[in-house]
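Asks: Sending over a structure as structure tokens; questions will come in a sec.
The values are calculated or read from the model by the stated rules, or taken from the named source; none is laboratory data. Everything numeric here is computed off the predicted structure, so don't read it as measured data. Using ideal geometry, Cβ is built from the backbone for each residue, glycine included, and neighbour counts are taken over all protein chains shown. Just the protein is used for accessible areas: all its heavy atoms, side chains included, with ligands, DNA and RNA removed. Shrake-Rupley method; radii C 1.70, N 1.55, O 1.52, S 1.80 Å.
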Amino acid sequence: MFYLIGLGLGDAADITVKGLQVVKRCSRVYLEAYTSILTVGKEALEEYYGKELILADRDLVEQGSDEILKDADVTDVAFLVVGDPFGATTHSDLVLRAVHAGIPYRVIHNASIMNAIGCCGLQLYNFGETVSLVFWTDTWKPESFYDKICKNRTAGMHTLCLLDIKVKEQSIENMMRGNKIFEPPRFMTVQQAADQLIQIIERRREEGEELGVTEDTVCVGVARLGADDQQIRTGTLRQLVSCDLGAPLHSLVVTGRLHPLEVDLLKLSTEPNAPLQLQEIDSSTWTS
């Protein structure tokens, strides 16, 4: 059997009882190591699970799936994913490859950012399409995520923004030269995400575009969701540019129409003495 097992969001103990039982009896256990991270490393997981883990980077998962699935029709093989196994499309591809190879599979779910984000006070039913924000470069500054956020807000929906992770990435120079030299890991912060959004807002304002999101839009920054030291901060986009939430992973939520209950809960994560006065938000109108 090929098992896809969710690890949850916090540390080694967040694996389900069912998931841990499977891991202990598998002949090989892979740890997916590029779409997300836990607050503890591989060694802490190995100690808790009592099992050696094989790190699975992007190249192995996307190009070496045959190696991962090898002999899974005659023995048990596990593939561990931070959060829930279907939090990334790559893992759906693994399921399809297993099916095409005649290998039975089973999924053991766990908490992910997609449902745990409800702890910030916003109701999950009121979320629209999730978007991803990538690190900009000097020559590549995509803005499609901004348009999707505006589309959600037009419908009154909140937007969960998943922030970029760069793990085991090569510079263009090293890639062209074939050097297996990798850049240090990078994890986008709420500050960086807010700054990129504001740059888009400023540029589009100069072009005379009607803005669906502005610097004064109410947003929520979250960090290390599910961990003991998780952080949740509510503020305007302008305020979150200077809000340091500490170590990764970070996510950002851009609010849409706010229900009175959501407003009350968002007040709990507002910085003390912050200029933002959430009690003044009229929940019967679009926030701006």
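Asks: Of all the strands (runs of 3 or more DSSP E) wholly in the stretch 184-267, which have at least 2 residues that are open to solvent by less than 20 Å² (accessible area, probe 1.4 Å) and over 30 Å from Ile15 (Cα atoms)?
Replies: It comes to 218-223, 231-236.
Asks: Shifting gears a bit: Could you grab me the full set of residues in the stretch 93-115 that are open to solvent by less than 50 Å² (accessible area, probe 1.4 Å) and either modelled with pLDDT of 95 or more or in contact with a helix residue (DSSP H, G or I) (Cβ under 8 Å, 6 or more places away or on another chain) (or both)?
Replies: Hits for the stretch 93-115 are Leu94, Ala98, Ile103, Val107, Ile108, Asn110, Ala111, Ser112, Ile113.
Asks: What is the one condition in (1) part of a helix (DSSP H, G or I); (2) free of Cβ contacts under 8 Å to residues at least 24 places away in the same chain that Val61 does not satisfy?
Replies: Exception for Val61: condition (2).
Asks: In the stretch 78-90, which residues are surrounded by 22 or more Cβ atoms within 10 Å (Cβ to Cβ) and not small (Gly, Ala, Ser)?
Replies: Selection gives Phe79, Leu80, Val81, Val82, Asp84, Pro85.
Asks: Can I ask one more? If a residue has to be under 18 Å from the mean Cα position of the chain (by Cα) and closer than 18 Å to Lys166 by Cα to count, how many in the stretch 57-85 make the cut?
Replies: Residues that pass the stated criteria total 5.
Asks: Looking only at the stretch 1-44, how many residues end up being in contact with a strand residue (DSSP E or B) (Cβ under 7 Å, 6 or more places away or on another chain) and acidic (Asp, Glu)?
Replies: 2
Asks: How about the stretch 41-54: which of its residues are under 23 Å from the mean Cα position of the chain (by Cα), open to solvent by less than 50 Å² (accessible area, probe 1.4 Å) and touching a residue at least 12 places away in the same chain (Cβ under 8 Å)?
Replies: Ala44, Leu45, Leu53
Asks: Pick from the stretch 24-55 the residues that are in a loop (DSSP other than H, G, I, E, B) and hydroxyl-bearing (Ser, Thr, Tyr): which of them is modelled with the highest pLDDT?
Replies: Of everything passing the filter in the stretch 24-55, Ser27 is modelled with the highest pLDDT.
Asks: So, in the stretch 2-21, how many residues would count as being within 18 Å of Phe86 (Cα to Cα) and aliphatic (A, V, I, L, M)?
Replies: Total satisfying the criteria: 5.
Asks: Continuing with the same structure: Got a number for residues in the stretch 135-160 being among the aliphatic types (A, V, I, L, M) and under 17 Å from the mean Cα position of the chain (by Cα)?
Replies: 2
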